[in-house]
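These notes concern the structure reproduced below.
The values are calculated or read from the model by the stated rules, or taken from the named source; none is laboratory data. Fair warning: this is a prediction, and the values are worked out from it, not measured in the lab. Neighbour counts are summed over all protein chains in view; Cβ atoms, including those assigned to glycine, are modelled from backbone coordinates with ideal geometry.
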Amino acid sequence: MISKRVADRDFSWLFRFVLTIVLACGIVMPGLAQKQAGKRYPELVEEVRHQLVMLPYYGVFDNLEFRIEGADTVVLSGQVSRPTLKSDAERTVKRLESVSKVVNNIEVLPVSPHDDDIRIAAYRAIYSKPGLDRYAHRAVPPIHIIVKNGNITLVGVVASEGDKNLAGIAAKGVSGAFNVENKLSVERN
């Protein structure tokens, strides 16, 4: 009799121990999954950003943006001057292992010789200014000049509020432009 109770007691202790482990795993595992997704999210953002910046025809007259929805959906947006860049961006991001779906909302800007002239004039006006000329020496200059139907939009990131204002003033001096919208951001220190 004594040996049977000892065996029952050992079994109930083992059962409670296993039950505690199973319940703890059920409670802790979702938290671990969220932490792993949190670690993966910044990596995915950096992967997508890197792939877009490395596109061979991505330049100063294009603006590519993206956001991550859920754990593995990338939504592309922005404006490009060539239709091939829109499809290249989607194809490149789709190839990433951690991406299962790509929503491509990139706008292809209309073909216009007038807009092309404004692009070139705005580029020269902005990147020839002392203080802004240092931005021109990067692989993809950080001040992007988007021209649509004669309207200029500046997007990107500059080092100071003064640089932002200087770029806006230079763009406003471009002949033939109807409107200038300065959406440049200033780096956080």
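Miscellaneous remarks
- Where a residue in the range 113-137 is of a type in the set (F, W, Y) and its partner, wherever it lies, is assigned to a helix (DSSP H, G or I) and surrounded by fewer than 19 Cβ atoms within 10 Å (Cβ to Cβ), with Cβ under 9 Å and at least six apart: Y123/A136; Y127/D133; Y127/A136
- Selected residue (criterion: farthest from the chain's Cα centre (by Cα)) from residues of the range 24-62 that are among the charged types (D, E, K, R) and modelled with pLDDT of 90 or more: D62
- Test for I152: is it touching a residue at least 60 places away in the same chain (Cβ under 8 Å), surrounded by 13 or more Cβ atoms within 10 Å (Cβ to Cβ) and not polar (S, T, N, Q): no
- Matching residues in the range 104-149 - criterion: being over 19 Å from A177 (Cβ atoms), of a type in the set (A, V, I, L, M, F, W, C) and surrounded by 14 or more Cβ atoms within 10 Å (Cβ to Cβ): I106, V108, A136, V140
Per-residue answers, yes or no, for (1) touching a Pro at 6+ places or on another chain (Cβ under 9 Å); (2) of a type in the set (D, E); (3) closer than 20 Å to L64 by Cα; (4) in the same structural domain as R49 (by TED's automatic domain parsing):
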site	(1), (2), (3), (4)
D117	no, yes, no, no
R138	no, no, yes, no
V147	no, no, yes, no
N179	no, no, no, no
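- Of the residues in the range 82-93, not one is among the polar types (S, T, N, Q), surrounded by fewer than 20 Cβ atoms within 10 Å (Cβ to Cβ), in contact with an Asp or Glu (Cβ under 6 Å, 6 or more places away or on another chain) and modelled with pLDDT of 95 or more.
- Qualifying residues in the range 89-112 (those that are among the acidic types (D, E) and touching a residue at least 12 places away in the same chain (Cβ under 8 Å)) - the one nearest to I68 (Cα to Cα): E90
- The range 155-188, residues that are in a loop (DSSP other than H, G, I, E, B) and under 17 Å from Q79 (Cβ atoms): A177, F178
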